[in-house]
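The structure appears below as structure tokens.
The values are calculated or read from the model by the stated rules, or taken from the named source; none is laboratory data. Since this is a predicted model, take the numbers as computed values, not measurements. Positions of Cβ are backbone-derived with ideal geometry, glycine not excepted, and every protein chain shown enters the neighbour counts.
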Amino acid sequence: MKKILSICPYCGLGCRFIINVEGDNITGIELYRNEINNGKLCPKGITAIDFINNKNRLNTPLKLVNNKHISISWDIALNEISNKLTNIIKNYGSNAIAFLASARCSNEENYLLQKIARLLGTNNIDHCARLCHSSTIAGLSQTLGAAAQTGTFNDILDTNLLLIWGYNPAETHPVIMNYILKAKYKGTKIIVADPRKTKTTWFADIHLDLNSGTDVYLINTIINLIIKLKLYNEKFIYLKTKNFKQLINSVKSYNLEYAEKITGIPKHIIYKTAITFATAKKAIIMWAMGITQHITGTNNVIALCNLGLLCGYVGKKGCGIFPMRGQNNVQGACDMGTLPNVFPGYLKINDTNAKKLSKLWHSNNISANPGLTIQEIFEAISKKKIKALYVMGENPAVSDPDTSHVIKTLKSLELLVVQDIFLTSTAKLAHYVLPAALYAEKEGSFTSSERRVQWNFKAVEPPGKAKPDWEILCLLGKKLQLPQMNYNCIEDITIEISNIIPNYKGITPTRLKEKINGLKWPCPHIRHPGTDTLHQIKFATSDGKAHFVPTNFTFPREETTTNFPFTLTTVRIVGQYHTMTMTGKSKSIMKRWKEPFIEINPIDANDLNIKNNDQIKIITKRGSYICKAKITKNVKPKMLALPWHWGANLLTNRLIDPYSKIPAFKINACRIEKV
Ligand code: SF4
């Protein structure tokens, strides 16, 4: 029996486990004690081999003919795709094509896809970080200069206070919840800001159940109090930051009376929060989509960074700014430059950097103009400006807001290519579907939420004619006659990444295969052990200082009306993942988490004569959706919470944060009816 060390294909923690293989078959999963999960897995991780041998895996290239997918050879598929892309570029220009990369594919695969896009002359490349943490990237870049978690998960065990904002690790990152509970047992104070009562808030010393979307008002009020009470870290601010005066002026008008009115949190609780946070000496601020997916997402992130900097809780052990990532390689996909406004390594898109890459990649085609984000790509498709979309391992027909609009848009394309492991809702619409290998069938590196880069080992062969994504991309690149597509193995791409991205310089395939716990970037040369704490000496900004950035509160949208009097928020649950492409194929997961439900407060349920398990129709301006009712005080009156995995984005709105272009999934005006 072979024992292959793997990485969990689900969330961004990077838990490892062993896959047992006999002959060509996977026989089981085994726990593995390492630095991250110490032999523990959540329900998703423990069932992560369930979908590998599913009979519906894609195993041959497909072409849409007369509304039916027929099987074709790799050669025909890649020739036709290459010819169509070339013709579209010839007729309409390079920006008539766009690419979606994948936070579930390896660093090498993401690097290669963005390289192909850029060698074809466009920066129209984005991925699902746009939908979860693009506001984090925008906020951290402005304040700290680096779009990454500043410390490691072990810091959670070494801190005095955890400020958990818009984040429910008990459902989304159970292994992190273990760290949090261990810390609590040791005496760490826990403050949770969340409009709902969740399994995480059960363990909070203070639960700030603020009204949805009022985060900036609450954070700025806390900042103002800390300044007034002179509880800020003067030395840190003097030595390591700039714009403190601007921060003071910007929060002056944020007062307790109005804060109580707007946020719904009593004054004395806000006061207690400010004192507890400022006097903790060591604190970590953690957040997730509860604050990022708003029209004020970037301002929410900036406000939390301002708060952390005010007390000097950055750049030392037991402190930090922790944006908690949802997908297993979302950090890596961003690092690799699958974003429309930066090249690999977050190199700004401009003339100088375009010339630099042109030289490295032997191409005259690199554009110095930023490309379009996912939402902008869909708008450009609607306006017939984009004619072709190439999607690797993403499922926008379910994951993006207002999915009826997305599906209509995808159907209008001249060319839609989807590279995936199953015939997803998006793949069903594709002119060409290319079968890909999944995590256990290929090698490559993945970067976790704490910047830990780990090597994933191959356990078994992919089914039928399916191929690893990087091999498909190399073949396509050659058909397109692009330079530098002759990679002999995936390690060749890892080495190119380490030559191009300074933070990955010391991260070579040989070291990754030896270091089972991985290496954390920045890892500037091949003898460097990797860095646990960012910003210890200076910040990653151009002047080496952290920047306070004043933020103003704006009222959340979409506003409720008499016709749509409820606020609907979308949430995640522990057993399901993203659009259920993988968890939906696990029998044990589907037995336990088989259907969606909507959380309704007992007062509203009583008013509308709704009982538990009644079928409820949820209606927004975009569409309607039916699921069972769950009556609970976890949500406030006039608030509804719905897991999104089963297709709830049919209901969500297309409003976006102007800075990061993240959609505002968290606030949707709706009404409900008993079916
Ligand atoms: Fe996988 Fe995340 Fe669960 Fe760990 S916590 S087992 S990485 S889904």
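Observations, loosely collected:
Yes/no matrix, rows are residues, columns are (1) surrounded by fewer than 21 Cβ atoms within 10 Å (Cβ to Cβ); (2) hydrophobic (A, V, I, L, M, F, W, C); (3) more than 15 Å from Asn123 (Cβ to Cβ):
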residue	(1), (2), (3)
Val342	no, yes, no
Asn364	yes, no, yes
Glu379	yes, no, yes
Lys385	yes, no, no
His405	yes, no, yes
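- All conditions in (1) small (Gly, Ala, Ser); (2) touching a helix residue (DSSP H, G or I) at 6+ places or on another chain (Cβ under 8 Å); (3) surrounded by fewer than 21 Cβ atoms within 10 Å (Cβ to Cβ) hold for Ala288, with the sole exception of (3).
- Residues in the stretch 27-38 that are away from the ligand (no atom under 12 Å from the Cβ) and either of a type in the set (Ser, Thr, Tyr) or under 30 Å from Ile72 (Cα atoms) (or both): Thr27 only.
- Within the stretch 130-156, restricting attention to residues that are of a type in the set (A, V, I, L, M) and away from the ligand (no atom under 16 Å from the Cβ), the residue that is farthest from Ala333 (Cα to Cα) is Leu144.
- Picking from residues in the stretch 1-26 that are among the small types (Gly, Ala, Ser) and more than 9 Å from the ligand (Cβ to nearest atom), the one that is surrounded by the fewest Cβ atoms within 10 Å (Cβ to Cβ) is Gly23.
- Test: residue in the stretch 220-237 that is within 26 Å of Val635 (Cβ to Cβ), surrounded by fewer than 19 Cβ atoms within 10 Å (Cβ to Cβ) and hydroxyl-bearing (Ser, Thr, Tyr): no
- Only one entry of Leu58, Leu41, Leu64 meets the criterion of being closer than 24 Å to Thr581 by Cα and within 11 Å of the ligand (Cβ to nearest atom), and that entry is Leu41.
- The stretch 34-100 holds strands (runs of 3 or more DSSP E) entirely within its bounds, and those carrying 3 or more residues that are surrounded by fewer than 21 Cβ atoms within 10 Å (Cβ to Cβ) map to 62-65, 68-71.
- For the stretch 157-178, a residue qualifies if it is away from the ligand (no atom under 13 Å from the Cβ), touching a residue at least 60 places away in the same chain (Cβ under 8 Å) and farther than 28 Å from Tyr217 by Cβ, and exactly one does: Asp158.
- Residue count for the stretch 184-211 satisfying the condition of being surrounded by 22 or more Cβ atoms within 10 Å (Cβ to Cβ) and small (Gly, Ala, Ser): 1.
- The residues in the stretch 44-55 that are away from the ligand (no atom under 11 Å from the Cβ) and hydroxyl-bearing (Ser, Thr, Tyr) can be counted, and the count is 0.
- Check on Ala605, closer than 30 Å to Asn211 by Cα, surrounded by 13 or more Cβ atoms within 10 Å (Cβ to Cβ) and either touching a residue at least 60 places away in the same chain (Cβ under 8 Å) or touching a strand residue (DSSP E or B) at 6+ places or on another chain (Cβ under 7 Å) (or both): yes
- Filter result for Ser73 (over 29 Å from Ser449 (Cβ atoms) and either free of Cβ contacts under 8 Å to residues at least 60 places away in the same chain or away from the ligand (no atom under 16 Å from the Cβ) (or both)): yes
One line per residue, one yes/no per condition, for (1) within 16 Å of the ligand (Cβ to nearest atom); (2) farther than 24 Å from Lys666 by Cβ; (3) at pLDDT below 95:
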| site | (1), (2), (3) |
| --- | --- |
| Ile180 | yes, no, no |
| Lys184 | no, yes, no |
| Gly187 | no, yes, no |
| Pro195 | no, no, no |
| Thr200 | yes, no, no |
| His207 | no, no, no |
| Tyr217 | no, no, no |
| Ile223 | no, no, no |
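- Residue within the stretch 395-404 that is farther than 29 Å from Gln576 by Cβ and in contact (Cβ under 8 Å) with a residue 24 or more places away in the chain present: no
- The condition of being in the same structural domain as Lys467 (by TED's automatic domain parsing), away from the ligand (no atom under 16 Å from the Cβ) and in contact with a helix residue (DSSP H, G or I) (Cβ under 7 Å, 6 or more places away or on another chain) holds for only one of Asn110, Asn87, that being Asn110.
The rows are residues; the columns are (1) crowded, with 18+ Cβ neighbours inside 10 Å; (2) in contact (Cβ under 8 Å) with a residue 60 or more places away in the chain; (3) under 30 Å from Ser6 (Cβ atoms); (4) more than 16 Å from the ligand (Cβ to nearest atom).
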| residue | (1), (2), (3), (4) |
| --- | --- |
| Thr279 | no, no, no, yes |
| Thr292 | yes, yes, yes, yes |
| Gly326 | yes, yes, yes, no |
| Asn329 | yes, yes, yes, no |
| Asp351 | no, no, no, yes |
